């Protein structure tokens, strides 16, 4: 375990389903991230949260809805997804020091999502 | 805007021979650079990072990378490949302003044959 735990590891869902991905970090970090890894494409940053506040949303469709109830937990709520949303979704956390940079960037093992 | 280019999508080596994975970066200021490794069905593991200290950076599992500003390169090397090195490798450049947004290359798949 890297200190960032993602569940479930695998998820198959239909296009009309609603599901959620969960990420938990045990490192005391103050920032959390969602990335999408599709086949043959670079990792794409989706969302950034700092101290439970969303600070970045990289033009992600509204069918993806993040939630950060506290600094240790991050969710990605999914509804009415499309087959092209099938990918590996990676969570990461880091410690951001104002004016000094970001340290300890750590990734989870990811959730492999298949939309059918 | 920052970017990285990984020059090879696949690299094949024999066990015991040297490994070279190439990466060129583009950045408007002094970047932070990283190499990550991803084994099948696993997350990303940090191999090494460069943050404006020594230009030759040593990482885990015998990997090294050298930062060459004049060539805008950050190639990853290992003297002798092991079967367990077979994986996908990502070169990454960091935006150090504000939050550390990592910009990933497209990856190089390393294949190691006996």
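The numbers here are math on the coordinates, done by the rules we state, and not lab data. This one's a predicted model, so the numbers in the text were calculated from it and none came from an experiment. All Cβ positions, even for glycine, are placed from backbone atoms using ideal geometry, and neighbour counts span all protein chains on display.
What to note about this one:
- Residue-averaged beta-carbon neighbours from other chains (10 angstrom radius) around A:42-50: 4
- Per residue, the convex hull around the alpha carbon atoms of the stretch B:50-114 comes to 112 Å³.
- According to the Kirkwood relation over distinct C-alpha pairs, the hydrodynamic radius of the stretch B:3-63 is 13.6 Å.
- For A:27-39, mean number of other protein chain Cβ atoms within 10 Å: 1
- Whole-percent P(r), the stretch A:37-80, all Cα pairs, 10 Å bins from 0: 25, 51, 23, 1.
- Cα-based convex hull, chain A, per residue volume (Å³, whole number): 99
- Pairwise Cα inverse-distance average, inverted: Kirkwood Rh of the protein assembly as shown (Å): 18.3
- Per-peptide average of other Cβ atoms within 10 Å, ordering B:48-61, A:18-31 highest first: A:18-31, B:48-61
- Cβ-Cβ FRET estimate between residue A:114 and residue A:26, R0 fixed at 35 Å, reported to 0.05: 0.80
- Gyration tensor verdict on the stretch A:67-116 (Cα atoms; rounded if a/c is under 1.5, prolate if a/b is larger than b/c, oblate otherwise): prolate
- Residue mean of other protein chain beta carbons inside 10 Å, B:102-114: 2
- Over all distinct Cα-Cα pairs of the stretch B:3-114, the Kirkwood formula returns a hydrodynamic radius of 14.1 Å.
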